[in-house]
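A short write-up of the structure that comes next.
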Ligand code: UT7
């Protein structure tokens, strides 16, 4: 059994914040942000707009793309680090809003790697026959975790959501099959201090702010992501050169370029949307994917590699045939 992608959608909040806007509020510049990260602007939620609102819009777009209704879904998995409330999960909020009255819904928390983790869980539910049609969502309002006095982190992140609908379909077990071919997940909990939030329900009782050792994370990102891509390709028995599109976590253009260089991937095969929304954490892979599907770059039958790395540290890759 394979997990076929049958729908894809995304959503960005309407409020645009450019680098020039940030330069009016803190000691930074458009030049610094663009040359160090590739980011030009990001979207920030409006007053009262919540992660579940972003997730719902992206889910609706994916359902529409799949041509099905909410009640055709039997499992919702949402990757998020910024839930509306500590509980219940954003996934159950999505479930209610898409009009799904059966099945199950839960969140997965792996920060920027969340979408890859959620896809892995969904794929396993489908392969074992426990679900047939799964809505996988990545949604984050990272602006809520920013210390707006810290220029080293607050210029990097933005808000958004993306979603895929997966459907069980039969394959013959080879890498010529459509759908998810494999998912490789990794983490190293010893690296907590590189990227974390300094608050939470059982510590400060507050939401807290994101803290990051940028340079150290940068170094790990290129090394770990390259290793995850190689592991995924090797397990599927394909050469990295056979992969048509690389859809990376959109954290920093320099990380995308560095990974592509390390693996000799032509830059033209790398989908990059970081300039337009910054690092949207769990939303970034499906946002980039939805862009490349909508503009016709990714076509049925092509091999697509998704990858991400984030707090934990966590990282991983998914190889799928569109
Ligand atoms: O989703 C996964 C998690 N995150 C990431 O993947 C991010 C990984 N890290 C990075 O992307 C990069 O390390 C950053 C973009 C965060 C930083 O780039 P960098 O080239 O590593 O710069 P740096 O931290 O070495 O800072 C260089 C200088 C420093 O000044 P001094 O000490 O050289 O005088 C910083 O204080 O740039 C300064 N700086 C800034 N200047 C203007 C730091 N932030 C800013 C800023 N505007 N926003």
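The values are calculated or read from the model by the stated rules, or taken from the named source; none is laboratory data. For clarity, every value in this text was computed on a predicted model and none was experimentally measured. In this analysis, Cβ positions are derived from the backbone assuming ideal geometry, glycine residues included, and neighbour counts consider all displayed protein chains.
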Report the residue count in the stretch 222-244 for those that are within 13 Å of residue 306 (Cβ to Cβ), away from the ligand (no atom under 16 Å from the Cβ) and in contact with a helix residue (DSSP H, G or I) (Cβ under 6 Å, 6 or more places away or on another chain). 1
Which residue pairs have Cβ atoms under 7 Å apart, sit 6 or more places apart or on different chains, and have a first residue in the stretch 19-39 that is free of Cβ contacts under 8 Å to residues at least 12 places away in the same chain and a second that is more than 6 Å from the ligand (Cβ to nearest atom) and assigned to a helix (DSSP H, G or I)? 20/30; 23/30; 29/23
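Rundown of residues vs (1) in a loop (DSSP other than H, G, I, E, B); (2) closer than 30 Å to residue 1 by Cβ, yes/no style:
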position: 153; (1), (2): no, no
position: 161; (1), (2): no, yes
position: 167; (1), (2): no, yes
position: 181; (1), (2): no, yes
position: 191; (1), (2): no, no
position: 203; (1), (2): yes, no
position: 211; (1), (2): no, no
position: 220; (1), (2): no, no
position: 224; (1), (2): no, yes
Within the bounds of the stretch 78-96, is there any residue that is outside any helix (DSSP H, G or I), within 16 Å of the ligand (Cβ to nearest atom) and surrounded by fewer than 17 Cβ atoms within 10 Å (Cβ to Cβ)? no
May I ask you to list the residues in the stretch 245-273 that are within 13 Å of the ligand (Cβ to nearest atom) and either in a helix (DSSP H, G or I) or free of Cβ contacts under 8 Å to residues at least 40 places away in the same chain (or both)? 250, 253, 254, 255, 256, 257, 258, 259
Got at least one residue in the stretch 277-298 being touching a helix residue (DSSP H, G or I) at 6+ places or on another chain (Cβ under 8 Å), away from the ligand (no atom under 16 Å from the Cβ), at pLDDT 95 or above and more than 27 Å from residue 165 (Cβ to Cβ)? no
Checked 162, 158, 171, 214 against criteria (touching a residue at least 40 places away in the same chain (Cβ under 8 Å) and away from the ligand (no atom under 16 Å from the Cβ)); the one match is 171
